[in-house]
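Read-outs throughout are calculated quantities, based only on the coordinates presented, and are distinct from any laboratory measurement. For clarity, every value in this text was computed on a predicted model and none was experimentally measured. No Cβ is skipped: glycine too gets one built from the backbone with ideal geometry, and neighbour counts run over all protein chains shown.
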Amino acid sequence: MTEFSLFPVVFYLLATITVVSAFGVALSNNIFYSAIALMGTLLGPAGLFVMLAADFIAVVQVFVYVGGILVLTLFAINLTSRIGDVSVSNRSLGRIPAFVMLALVGVAMFRAIGQATWNLVEVREAVPTIRSLGDAFLTDYILPFELASLVLLAALVGAVVLSRKELREERG
Amino acid sequence: MMEIGLNHFLAVSVLVFLAGFFCVLTRRNAIGILMGVELILNSANINYVAFARYSSTQYDGQIFAVFVIMLAAAEAAIGLAIVLGIYQTFHTIDVDATDSLRL
């Protein structure tokens with residue numbers, strides 16, 4: 001490589017953001033800080049997806065995760081915990097056994113990564129993926145695509161039924 | 001070290017998975033557990049997209065990543081609706097307190 005490449009620098013930056021905020025989510029004592037750290041963990045992979053030439057997935061990640069799921073999580077936090085005791089509402093139990101288990105699983109996974117022989121190919125040139133993905137969704141993947149819309153409809157109806165007060169009182 | 005390959009992305013994914021796993025194991029707050037599940041789904045997504053880039057499958061990995069994101073959205077909506085229901089019944093979302101079904 002004759003010229004200095006920015007690729008590793010950007011990768012390590014995004015990887016650091018992702019991993020540090022992931023452990024922030026796991027270890028923070030304040031559920032609100034956890035939710036804010038979750039934003040870093042969701043935006044970091046969006047950058048990684050761009051580096052992996054997956055532009056559409058990166059945009060969907062930002063729209064759905066950061067724009068949807070994160071806002072929903074913040075709403076749920078504010079609806080369920082009184083502002084006063086927010087700081088004590090995120091207790092963790094059994095951290096030491098969990099760390100032991102984490103170490104075991106982590107060592108096993110890193111060993112698996114080190115030992116596996118992947119069937120890799122030469123990296124193709126990065127091209128826009130939206131047209132190919134759209135074609136794939138409406139040809140080879142038409143059945144999963146339609147099932148996905150059914151699942152989303154069911155989730156929508158289910159969430160409304162679960163959270164409507166008058167319906168719950170009628171049943172109970 | 002300067003040549004970024006598949007293994008680097010897999011390492012990031014493993015670390016995110018471990019954080020999510022730890023979250024699910026230790027949190028007693030239902031929303032905290034849901035956040036851990038989101039982290040685990042995200043790490044799976046990094047794997048899918050990384051393999052789509054570095055192995056011979058063309059776009060299959062990316063399509064699976066879209067389905068994972070879709071299911072994560074559905075899971076978050078239903079999960080948080082259940083959490084709100086639990087809060088209205090038990091006035092707490094601590095999962096240790098919601099053990100009415102336990103003998």
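Build a GNM of chain A with springs between Cα atoms under 10 Å: which of A:ARG111, A:ARG131, A:ARG95 gets the top mean-square fluctuation? Ranking A:ARG111, A:ARG131, A:ARG95 by mean-square fluctuation puts A:ARG111 first.
In terms of other Cβ atoms within 10 Å, A:VAL161, B:VAL16, A:VAL127 run from fewest to most in the order A:VAL127, A:VAL161, B:VAL16.
Normalising the average separation of contacting C-alpha pairs (under 8 angstrom, six or more residues apart) by the number of residues puts the relative contact order of chain A at 19 percent. Computed over the protein assembly as shown, the P(r) tail beyond 34 angstrom holds 24 percent of alpha carbon pairs. Rounded to the nearest 20, the size of the Cβ-charge dipole of chain B about its Cα centre is 40 debye, with Lys and Arg at +1 and Asp and Glu at -1. What the Cα convex hull of the range B:22-66 gives, in volume per residue, is 55 Å³. Computed from the C-beta positions of B:ASP60 and B:HIS91, the FRET efficiency with R₀ = 35 Å rounds to 0.15.
Under the criterion of Cα pairs below 8 Å and six or more residues apart, the relative contact order for the range B:1-83 equals 28 percent. What translational D, rounded to a whole number of µm²/s, comes out for chain B from Stokes-Einstein when the hydrodynamic radius is the Kirkwood one over Cα pairs, at 10 °C and 1.306 mPa s? For the chosen part, D equals 103 µm²/s. Per residue of B:51-58, other chain Cβ atoms within 10 Å of the residue Cβ number 5 on average.
Dipole size of the protein assembly as shown about its Cα centre, with +1 on Lys/Arg Cβ and -1 on Asp/Glu Cβ: approximately 740 debye, rounded to the nearest 20.
Hydrodynamic estimate: the Kirkwood radius of the range A:15-160 over Cα pairs, inserted into Stokes-Einstein at 20 °C and 1.002 mPa s, corresponds to D of 114 µm²/s. For the range A:56-71, backbone phi angles converted through the Karplus equation (6.51, -1.76, 1.60; θ = phi - 60°) give residue-by-residue couplings of 5, 4, 4, 5, 5, 4, 5, 5, 7, 6, 6, x, x, 5, 5, 5 Hz, Gly and Pro being listed as x. Stokes-Einstein diffusion for the range A:92-152 at 25 °C, viscosity 0.890 mPa s, with a Kirkwood radius from C-alpha pairs, works out to 150 µm²/s. What share of Cα pairs, in percent, lie more than 20 angstrom apart in the range A:1-80? It works out to 39 percent of all Cα pairs.
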